[in-house]
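Since every read-out is calculated from the coordinates, none of them should be taken as a lab result. The structure presented is a predicted model; accordingly, all values stated were derived computationally and were not measured. Positions of Cβ are backbone-derived with ideal geometry, glycine not excepted, and every protein chain shown enters the neighbour counts.
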Amino acid sequence: MTRRDRVKLSPRHQGWIYATFAVLFATGLLWLVAKRWLAVNGEFGEMTSPLAPLAMQVHGAAAMVFLVLLGTLLQGHVRQAWNARRSRVTGGGMLAGVALLVASGYGLYYLGGEETRAAVSVLHWAVGLGLPAWLVWHVRASTRVRVIRRAPRARREPARVAEPTATEPQALGVERPTFH
Ligand code: HEM
Ligand code: HEM
């Protein structure tokens, strides 16, 4: 396999990445909407919509899939692109964003303290809401075909068929010597 091949992802690999990002994004957004605007009236007054925990169940599953995908990207895609100095800015941004999401995702599970958790939560979803747009930028910037503009060509003269000149043997009526 060539170096170029290992940076470039197969359509199926890309499909997994886009689909997993889409699920993470959609379920994260659903959680935010459900928490803020979809309160329901329950036995004990206003309660969070059941959609919020449901969204997090799917989100947590997608996060696991994402970690596997991240592992599949590190060795070929990331390492080789990095060594080849390709797309380091947008790719590095992807890595930084993903690292923040993974670390804050861990924090959401295990950090105690209301205030700390609330701050980590905001950090997590703020980065999460922005990262898909960054991914689009990363993909577009990395795969853009660079059109190398050619300098306008100098006008070509029509090819000239050489006429025998007066000094050439034919013009002087002298036969060319033949060698046997
Ligand atoms: C979690 C991190 C990353 C994700 C999810 C990601 C995802 C993607 C996707 C979906 C594509 C488009 C598919 C393709 O053309 O193969 C792509 C292209 C590309 N990425 Fe990344 N990427 C990440 C990190 C990086 C890093 C760190 C670098 C560089 C240091 C990088 C460099 C590139 C390059 C050079 C391309 C163009 C490949 C080509 O078409 O030949 N990526 N990336
Ligand atoms: C792609 C965009 C993403 C968005 C918009 C997003 C959004 C959210 C939101 C709104 C929450 C709920 C926050 C809270 O409970 O206070 C959450 C929880 C969480 N997220 Fe994300 N997230 C994204 C990506 C990721 C990624 C890449 C991972 C890890 C690989 C991850 C792991 C987690 C975990 C572990 C939780 C806690 C789940 C729970 O409480 O049951 N998220 N996310």
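With contacts taken as Cα pairs under 8 Å and at least 6 residues apart, the stretch 1-62 reaches a relative contact order of 33 percent.
Seen from a random direction on average, the alpha-carbon convex hull of the stretch 1-62 projects onto 5.3 square nanometres.
A straight chain from Lys35 to Val89 at 0.36 nm per residue would run longer than the Cα-Cα distance by 16.0 nm. Computed from the Cβ-Cβ distance with R0 of 22 Å, the FRET efficiency linking Val68 to Tyr109 stands at 0.75.
Determine, from the Cβ-Cβ distance of Gln14 and Thr116 and an R0 of 41 Å, the FRET efficiency 1/(1 + (r/R0)^6), rounded to the nearest 0.05. Given R0 = 41 Å and the Cβ-Cβ separation, E is 0.65.
For the peptides 57-64, 26-33, the ranking by packing is 26-33, 57-64, with the highest mean count of neighbouring Cβ atoms within 10 Å listed first. Residues Ser10, Ser121, Ser104, arranged from fewest to most other Cβ atoms within 10 angstrom of their Cβ, appear as Ser10, Ser121, Ser104.
Is the stretch 1-106 best put as rounded, prolate or oblate by its Cα gyration tensor, with a ≥ b ≥ c the root eigenvalues, rounded for a/c under 1.5, and otherwise prolate when a/b is larger than b/c, oblate when not? Verdict is prolate for the stretch 1-106.
Shape call for the stretch 87-144 from the C-alpha gyration tensor, a ≥ b ≥ c root eigenvalues: rounded (a/c under 1.5), prolate (a/b greater than b/c) or oblate?
prolate
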